[in-house]
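Notes for the one structure printed next.
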Amino acid sequence: MNRRDYLLRKIFFSLVTLAIVVVLNFVLFRVLPGDPVRAVIGRNVRISADTQQALREQFGLDRPVFPDQFLTALGQWSRGNLGVSWSLRKPVGEVLVAKLGNTLLLIGLGQVLSIILGVALGLLAGWKRKTAVDVGALTFSLIAWAIPTFWLGIILLAAGSTWLGLPTGGIVSPSNVGKPLYTVLPDVAHHLILPTLTLTILYMGEYMLIMRSSIMEVLGEDYILTAKAKGMSHWQVLRRHALKNAMLPIVTLIAINLGFTVSGAIYVETVFSYDGLGKMFQTALVKQDYPLLQGAFLLLAVSVILANMLADILYTYLDPRVKAA
Amino acid sequence: MTSLPLLRVRNLSSEFVTTDGTVARALDDVSFDVHPGQTVGLVGESGCGKTTTLLSIMRLLPVSARITSGQVLFNGTDLLGLSEADMRRCRWKELAIVFQGAMNALNPVMTVGEQIREAILLHDLMDSSHATRRVDELLDMVGIAASRRDQYPHQYSGGMRQRAMIAMALACQPSLLFADEPTTALDVMVQAQILELLQKIQKLLGLAVVLVTHDLGVVAEVCDAVVVMYGGKVAENGPVDEVYNHPRHPYTQRLLEAFPDLNRPAGSLATIPGTPPRLNALPPGCRFAPRCHKAFDRCHIEAPVETGLGRGHTAACHLLEKTEAAK
Ligand SMILES: Nc1ncnc2c1ncn2[C@@H]1O[C@H](COP(=O)(O)OP(=O)(O)OP(=O)(O)O)[C@@H](O)[C@H]1O
Ligand code: SF4
Ligand SMILES: [Mg+2]
C-alpha cells in the first residue's frame, strides 16, 4: 500500500470516530438531568408556565429529540455554532477560542521544554546505563511522573512566590492590562514561569522514561552492531542509526499528550488561576453550564482525533514500514 | 603456507561478567592464522565462542565482556594495541563482518543503498556521487538490481537482505571478511545461493574469509583450513584435508564419525552425548573430559596444551602430548 492510500484510510477512520463522538456528545447532554429553560432563567425567578412553554418552543425543545433536535444541533455545530453558555451568556465558540490561545501558550511551552529536556535526559541515561547519571535521572523521572499535579503546583506556587517573588496566578498583572506590548510581554513571561515549570517537570518524567527504555532497546539491536562494525564512532551511531528509531515511541507519546492538552491543563490552570480552557472547564463543571461543557467536550475529542491523525501522518515519514502494515 | 599470515590470533582470551557477578571465560587461549585469500572454517557447537572470537578480533564485544589477554596481529600490527580511533578506521576498511541472522542487521528506517553508501563515505573513499555509483556496482555484484537501491530492508526478502549485507561488507574493499553463520534462518535453496555468491566473490576479489558454520559439508566444500572450537578453546586446527582425513582430537573425531550423514539435515553438527561446559563453572583439566570417550585420569586434573602435529595441524589433547613426547 502506498502512502496516499494509507493516509486516506487513516483520515476515513478519523472521520468515523468524529461522527461517533458527535453523536455521543449529543446523547450525553440529553440524558443528563436538568431543565435547560430553568437553567437559562435561573432557579428562583418565577415565570408562568405559558412563558416557559413559549421558551421551549423558541429553542425547539418541544420537538422530539430524534431526529429533529439532533439534526438542528448537527446543522448548528457544522456552522460553528455551539450554542450559548448559560453562565457567561456568551456564544460557546467565542469563549472556547478566547481561552484556547492562553492554554496553547502554556501547554505548548511546557510540552516543548519537557520534550527537549526529557528526551535529552533519557538519551543520556540510556547511553550511560547503570551509572550514577542513569540512577539519578531515573529516580528524578519516576518521582516527577508519580507526583500529583495539584500537589507539585501548590508547592512550586508557595516556594516561587515566597522566595522568588513570582506572581501567584493569572496571566498578566491587573495594573498592566491595556499597557503597550513591551510592558505586557515581560509580565506575561513572569506569570508563565511557575505553571510552565510545573508542567515541564510533570511531563518530562514520562518522556525521559520512554526515551530511556527506547534507546536501550535500540542500542541492543543488530543494526547498531553493524554500524559500529562499519567503523562509526559512538556519536555517529547514535545520531545516524539509534536516534530516529528510538524517537518513534516518543512521537506517539507527543501526539497523545497533545490530544489531552485541555484535560491536562485543568489542574495546573486551576492552581495558578490561569485563564485558559482548563480553568474554564472546571468552572463550567461546577456551574453545570451544559452548553459550555458540550462545546469543550467536542473540542477535546476533536483535538485527540486530530493529534492521533497527525501522529499517523508523521509516522509514515519516520518509519517506512508503517505503509506496509 | 608460504605467505605471511594476514591475521594471526595468538592466545586470545575473553570473558563475560554475568549479571550475577560470576565470570564466564568465553575464550581461553585461542590461536589460529588466516592467510591472504584463504577461507578458514570456524566450527563448534552452539555457545563454544565462535561469535565471541570474531567480536573480540574486531573489538566489538558488548560492555559486559572484555578481552583479558592475547594478541590479534593484522598484517603484523596488534589490533588490541590500537587507539579506539585507529581501530575505527581499521574496521570495515580492513575487516568486515556479515552477522549471524542478518534479518535485523540492516537499519529498518534507512534505505539499503544509503546504508552501503554511508560506509564508503565514512572511510572517505570517494565523493558522494561516485559513492552512489559504487553502491550500484556492489549491488550488481551480489545480484541485486540497482533499481532496488532506494528501497528499505522490509521490502527485501531474507536472501536479498543477506546479499545486501555482503555488498555492504565489500563496500570498502576489505582484505578479510568474517561471515558468522551467514545462511542460518534462510531456506535451503537460498543458503546454497549465498554460499555460492561468497565463494564467487572470494575468488574474484582474492578476499580472505573466516566462515562460521555448523555445516561440516560446507567446510569441506569451501574452506582451506578449519578451526574446531570446544568450550571457548581451540580443540583442533589445520588444513581441511588433514583434519578431515586424520582427525586427532577426540571431539573432532566424534564430529566427523557422523559425517557425511545423509540422515541428518544439512547445516547441523552431529550431536554428542552430554552438554557443553558451563563457562562460569568449568571442569578442572580438559574442558571436554566430562564427555570424552577417551578421557583418562590426567584429563580431569590438567588442561592439555596445543600440540603441533606437522603440516600446520595442531590439536589440544593429552593423548597427543604423550605420543609426541614418545617420538
Ligand atoms: N552477552 C553475553 N553475556 C554473557 N555471556 C555471553 C554473552 N554472549 C555470549 N555469552 C557466552 O559466551 C559463550 C560464547 O558465545 P558465542 O555467542 O560466542 O557462541 P557461538 O559459538 O557463536 O554460538 P552460536 O553457534 O550459538 O552462535 C556462550 O557460552 C555464551 O553463554
Ligand atoms: S585431553 Fe583427555 S578428555 Fe580431553 S580430549 Fe584429550 S582425551 Fe579427551
Ligand atoms: Mg554465534
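A short reminder: the numbers here are calculations on the coordinates, not readings from a lab. Bear in mind the structure is a predicted one, so any value in this text is a computation, not a measurement. In this analysis, Cβ positions are derived from the backbone assuming ideal geometry, glycine residues included, and neighbour counts consider all displayed protein chains.
Restricting attention to segment B:1-115, close to 95% of DSSP beta bridges with both partner residues there are antiparallel. Cut-off 17 Å, label point 7 angstrom out along Cα-to-Cβ of A:A159: give me the residues of segment A:179-220 whose amide nitrogen falls inside. A:193-205, by backbone N distance to the label point.
The P(r) of segment B:104-173 has a tail past 18 Å containing 26 percent of all C-alpha pairs.
The magnitude of the dipole of segment B:123-233, with charges of +1 and -1 set on the Cβ of Lys/Arg and Asp/Glu and taken from the Cα centre, is near 80 debye.
Shape annotation for the protein assembly as shown: C-alpha extents along the principal axes are 126, 55, 52 Å, from largest to smallest. Since only A:M247, A:A158, A:A19 are under comparison, the one whose Cα sits farthest along the positive direction of the charge dipole of chain A, derived from C-beta charges on Lys, Arg, Asp and Glu, is A:M247. If you fit an axis through the alpha-carbon atoms of helix B:112-122 and take the longest principal axis of the Cα set of chain B, what angle between them do you get, 0 to 90°, nearest 10? Tilt relative to chain B: about 80 degrees. For every helix of n ≥ 4 consecutive DSSP H residues, a contribution of -39,500 (n - 2.57) applies; sum these over chain A, divide by its total residues, and give [θ] at 222 nm rounded to the nearest 500 deg cm²/dmol. Counting only the DSSP helices, I get -24500 deg cm²/dmol.
When each of the peptides A:264-270, A:154-160 is scored by the mean number of other C-beta atoms lying within 10 Å of its residues, the order from highest to lowest reads A:264-270, A:154-160. Take every pair of alpha-carbon atoms less than 8 Å apart whose residues are at least six positions apart; their mean separation over the length of chain B yields a relative contact order of 20 percent.
Against the main long axis of the alpha-carbon atoms of chain A, helix A:132-146 sits at an angle near 10°. Exposure proxy for A:F297, B:F288, B:F74: other Cβ atoms within 10 Å of each Cβ, ordered fewest to most, give A:F297, B:F74, B:F288. Contact order, relative form, for segment B:104-173: 44 percent (alpha carbon pairs under 8 Å, 6 or more residues apart, mean separation divided by residue count). Label-to-label distance, B:R89 versus B:S46, with points set 7 angstrom from Cα along the beta-carbon direction: 4.2 nm. Stokes-Einstein diffusion for segment A:231-292 at 37 °C, viscosity 0.692 mPa s, with a Kirkwood radius from C-alpha pairs, works out to 225 µm²/s.
Remark: spin-label model distance B:D78-A:A120 equals 4.2 nm, labels positioned 7 Å along the Cα→Cβ axis.
The order of the peptides B:164-172, A:207-215, B:293-301, A:85-93 by mean Cβ neighbours within 10 Å, most packed first, is B:164-172, A:207-215, A:85-93, B:293-301.
Within 10 Å of the Cβ of each residue in A:218-228, the mean number of Cβ atoms contributed by other protein chains is 6. Kirkwood radius, segment A:92-324, all distinct C-alpha pairs, inverse of mean reciprocal distance: 19.6 Å.
Between the listed residues B:I201, A:T72, B:L139, the Cα displaced farthest toward the positive end of the dipole of the protein assembly as shown, a dipole computed from Cβ unit charges relative to the Cα centre, is found at A:T72.
A Förster radius of 45 Å, combined with the Cβ-Cβ distance separating A:L318 from A:N81, puts the computed FRET efficiency at roughly 0.70. Residue exposure proxy: A:T252, B:T53, ordered by other Cβ atoms within 10 angstrom of their Cβ from fewest to most, comes out as A:T252, B:T53. The label-point distance for A:K90 and A:D222, in a model that sets each label 7 Å from Cα toward Cβ, rounds to 6.1 nm. Using the Cβ-Cβ distance between A:T72 and A:K287 with R0 set to 30 Å, the FRET efficiency works out to roughly 0.75. Counting Cβ atoms of other protein chains within 10 Å of each Cβ in B:107-113 and taking the mean gives 5.
Taken over the alpha carbons of segment B:1-77 as equal point scatterers, the Debye sum produces base-10 log I(q)/I(0) values at 0.16, 0.25, 0.28 Å⁻¹ of -0.60, -1.23, -1.40.
Placing unit charges on the Cβ atoms only, positive for Lys and Arg and negative for Asp and Glu, gives the protein assembly as shown a dipole magnitude near 1300 debye about its Cα centre. If R0 is 41 Å, the Cβ-Cβ spacing of A:L15 and B:A258 corresponds to a FRET efficiency of close to 0.05. Arranged from fewest to most other beta-carbon atoms within 10 Å of their beta carbon, A:I115, A:I147 become A:I147, A:I115.
Summarising the strand pairing of the protein assembly as shown, around 60 percent of its internal DSSP beta bridges are antiparallel.
About the centre of its Cα atoms, chain B shows a dipole size close to 200 debye [charges on the beta carbon of Lys, Arg (+1) and Asp, Glu (-1) only; nearest 20 debye]. Could you work out how far helix A:290-318 tilts from the main Cα principal axis of chain A, as a 0 to 90 degree angle to the nearest 10? Taking Cα atoms only, the helix is inclined about 30 degrees.
Summary value for chain A: 26 percent relative contact order, contacts being C-alpha pairs under 8 angstrom separated by 6+ residues. Convex hull volume of the Cα atoms of chain B, normalised per residue: 144 Å³. Peptide B:86-98 has a mean shielding of 3, counted as Cβ atoms of other protein chains within 10 Å of each residue's Cβ.
With all pairs of separate Cα atoms included, segment B:1-146 yields a Kirkwood hydrodynamic radius of 17.5 Å.
Of all DSSP-defined beta bridges confined to chain B, some 60% are antiparallel rather than parallel.
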